[in-house]
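The values are calculated or read from the model by the stated rules, or taken from the named source; none is laboratory data. Since this is a predicted model, take the numbers as computed values, not measurements. FYI the Cβ positions are ideal-geometry reconstructions off the backbone, even for glycines, and counts take in every protein chain you see.
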Amino acid sequence: MRKPMIVTMLIMLALFLPHTTAASEGGVDVNPSSDEPFTVIKRDSPSIDNEQWTLSIEMTQEAYDNGTTFELITQICTNDGVCDPPVVMDADVTERIHSISVTPPSDHTYVNWRVKALDNDGNKTNYPQGDWFKTWSSCWYNDGAWGGADSSADGCLKSDESTPGFATLVTISAISMAALMATRRNNHQK
């Protein structure tokens, strides 16, 4: 009895996944609407590999007066399709303003973020509900195509290496040295 129930639940989950992941268009940030209990004061866009990304939001006066508190949650996804687990951020709070920052790793696609509002009665509401607000990176991969200001048709223009092509140069040098040593060994054995 338990096994068919689990299989049924997995099938239902699989049916809903394409609808939640296809909600945003590649390279187009997903921003809060005017109906949210906060407004964005500052948000870096696009996010850039290995550079600090910041977000500051201001709670509405009504939410502040009602004793509502916010949790800001981030999640970083990479160009290979892997997303880190969501992280509740340690926000810098000054009255109604909440500020956070995170440094995305190399080869990230976007920074997901959301706000969890906690009211006086203990009710929790996620904004947005069911998905994430999203800030795309300056080089992203989505649906088989690269995009962003730091991309080319073949991938990202930036590299973590301090000298472009350094790894290739080291590999070629190592192969050449091995070939030279093998040639010398063969000459000495004759």
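For the range 43-68, the tally of residues that are in contact with a strand residue (DSSP E or B) (Cβ under 6 Å, 6 or more places away or on another chain), loosely packed, with under 15 Cβ neighbours inside 10 Å and over 25 Å from Ser138 (Cβ atoms) stands at 0. Of the residues making up the range 28-57, those that are small (Gly, Ala, Ser) and at pLDDT 95 or above are Ser45, Ser47, Ser56. In the set (1) touching a residue at least 60 places away in the same chain (Cβ under 8 Å); (2) on the phi > 0 side of the Ramachandran plot; (3) touching a strand residue (DSSP E or B) at 6+ places or on another chain (Cβ under 6 Å), Asp107 fails one condition alone, (1). Return yes or no: is Asp131 touching a strand residue (DSSP E or B) at 6+ places or on another chain (Cβ under 6 Å), charged (D, E, K, R) and surrounded by fewer than 17 Cβ atoms within 10 Å (Cβ to Cβ)? No: the conditions fail for Asp131. Checking each residue in the range 30-44 for being of a type in the set (S, T, N, Q) and either part of a strand (DSSP E or B) or at positive phi (or both) picks out only Thr39. For the range 45-74, the tally of residues that are in a strand (DSSP E or B) and touching an Asp or Glu at 6+ places or on another chain (Cβ under 6 Å) stands at 2.
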